[in-house]
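What follows is one structure encoded as structure tokens, with my remarks underneath.
The values are calculated or read from the model by the stated rules, or taken from the named source; none is laboratory data. All of these numbers come straight from a predicted model, not from anything done at the bench. Virtual Cβ from ideal backbone geometry, glycine too; neighbours counted across all protein chains shown.
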């Protein structure tokens, strides 16, 4: 398969502002793709070479990329840098230089294949050690020299991690269902396979070769992370118990990092909430899993919490973040010891537990965990008594936890991998009628600054995720809470996401001065949720022509590197927060 076929599809995708057209172009590309290459095409389209949980990235820095461009096209570094300042995009810069070279040379470039491009980028990603930078630069410059201008544009973007298509896994799943399973209606089976494996390339190839029947037989594999189940949120114990059918299991919600641990014999792997392989950062947790998980094969979920060495008391989440490092790990684990608090069993010695109800999973978890000072099963109990839940909540707060997670104990309380369902509901102290609890939003646009903010952005446009539409709906402009340092750095931080037009998955009424592909997630807080005619979050839900907005929003200072754009607060959560706000106002008698 020629790489030019991919480039044609990418150009069409980049040019459209319509989400459905993005899917159509992907379907067109997949129909042209040989079945044995469909996994590679899926990865490349998402700007990767492997699933997220495989810690292999191309990782070409801007300076190295410029050296490769200089070698490929014989231009000076200063000329490349000047052009980059004008375009703000290495892809456009290399495309221009490739056109110039092709015009001067008066000869056609070689016809690159998908396999050639993929395998060269793979060599670049895997090259380490002495003289690795020279080897990586040479491989990249050779690939660029053989490419057409359009191919060079996407190759350099892939190499530097700035593909900018803004396509998410769910869009690819839609396209796979239409291409290989006759209808988008069959996506439910494909999504289930993806939720169990987190490997879109494996799912794509299995479907293309084996059809829908092969997908229906898909099973959990120890070592491949399961996409985590997420919780909804409500603001009172009584409301939650009612929502869960009159009875619920209450569990401590620890202030730590969610970890999915995979054990096979003595081999242990740890994955973060975003499915990153964080095994190397927690060697002590790996040892705890080896010793305290009494099963040959298991996948469990738990919260990794920072502990005070002398007292065993919980420490804040910020302390735990000192453990997220590549160097000095052994020293850090002594200074910042942690405990593992297990809360779910997803797989035990050959049995897929995700289809079992909560109480069965909890029982299986308790059987395989040998508890100690540093490994425990989460504090939990089942009740229909709201007063007891509220007492337990206060106990959790006193212990240094964030609050509780209340879980369904019904017969259908299965583990909903990859979903944010109503089987789990969070209860935190900060949930009140006013918007005290922050939300996570993705940056989709910016407005130019004035006065002392001239040359930077005066405000940014942010959005929340609508899973049903697979789109990002705007919720507010944020212009406060940013330090001068952040304001100065922000254009550079967001540069790789910049686009010439609104992204096809962004639903906006406002016209931003600068548009971004959804990528960077931040945390904001405001005074309340209100109706707005200029934002699209849950538009028309309460009143025709109005969406929801955050009133007086401000940046909390927290960049959510641990969350992808699709992990932002959902439109349904915003609706629920607004309803609760109205209910509290009515109960208080406030007009």
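If you go through the range 65-80 and pick out every residue that is crowded, with 17+ Cβ neighbours inside 10 Å and part of a helix (DSSP H, G or I), you end up with 9.
A quick yes/no check of all residues on (1) surrounded by fewer than 18 Cβ atoms within 10 Å (Cβ to Cβ); (2) under 26 Å from residue 275 (Cα atoms):
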position: 135; (1), (2): yes, no
position: 148; (1), (2): no, no
position: 157; (1), (2): no, yes
position: 164; (1), (2): no, yes
position: 174; (1), (2): no, yes
position: 187; (1), (2): no, yes
position: 192; (1), (2): yes, yes
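Among helices (runs of 4 or more DSSP H) entirely within the range 325-427, having at least 1 residues that are over 30 Å from residue 191 (Cα atoms) and at pLDDT 95 or above singles out 358-368. Taking the criterion of being free of Cβ contacts under 8 Å to residues at least 12 places away in the same chain and within 21 Å of residue 55 (Cβ to Cβ), the residues of the range 131-169 that qualify are 132, 135. Can you say whether residue 240 is in a helix (DSSP H, G or I) and buried (at least 22 other Cβ atoms within 10 Å of the Cβ), as far as the supplied structure shows? Here the answer is yes, as residue 240 does meet what is asked.
Among the conditions (1) at pLDDT 90 or above; (2) in contact with a strand residue (DSSP E or B) (Cβ under 7 Å, 6 or more places away or on another chain), the only one that residue 91 does not satisfy is (2). Screening residue 469 with (1) exposed (fewer than 14 other Cβ atoms within 10 Å of the Cβ); (2) not assigned by TED's automatic domain parsing to the domain that holds residue 535 gives one miss only, at (2).
A single member of 57, 111 is in contact with a helix residue (DSSP H, G or I) (Cβ under 9 Å, 6 or more places away or on another chain) and either surrounded by 17 or more Cβ atoms within 10 Å (Cβ to Cβ) or over 30 Å from residue 226 (Cβ atoms) (or both), and it is 111. For the range 529-562, the set of residues classified as part of a loop (DSSP other than H, G, I, E, B) and at pLDDT below 90 consists of 533, 542, 543, 544, 545, 546, 552, 553, 561, 562, listed by residue number. For the range 309-324, filtering for residues that are surrounded by fewer than 13 Cβ atoms within 10 Å (Cβ to Cβ), assigned to a loop (DSSP other than H, G, I, E, B) and either at negative phi or modelled with pLDDT of 75 or more (or both) leaves 5.
Evaluation of residue 126 against the conditions (1) buried (at least 22 other Cβ atoms within 10 Å of the Cβ); (2) more than 20 Å from the chain's Cα centre (by Cα) shows that the sole unmet condition is (1). Screening 511, 485 for residues that are over 22 Å from the mean Cα position of the chain (by Cα), surrounded by fewer than 17 Cβ atoms within 10 Å (Cβ to Cβ) and modelled with pLDDT of 90 or more leaves exactly one candidate, 511. Just checking, does the range 494-504 include any residue being within 30 Å of residue 417 (Cβ to Cβ), touching a helix residue (DSSP H, G or I) at 6+ places or on another chain (Cβ under 7 Å) and in the same structural domain as residue 452 (by TED's automatic domain parsing)? Yes; the residues of the range 494-504 include at least one that is within 30 Å of residue 417 (Cβ to Cβ), touching a helix residue (DSSP H, G or I) at 6+ places or on another chain (Cβ under 7 Å) and in the same structural domain as residue 452 (by TED's automatic domain parsing).
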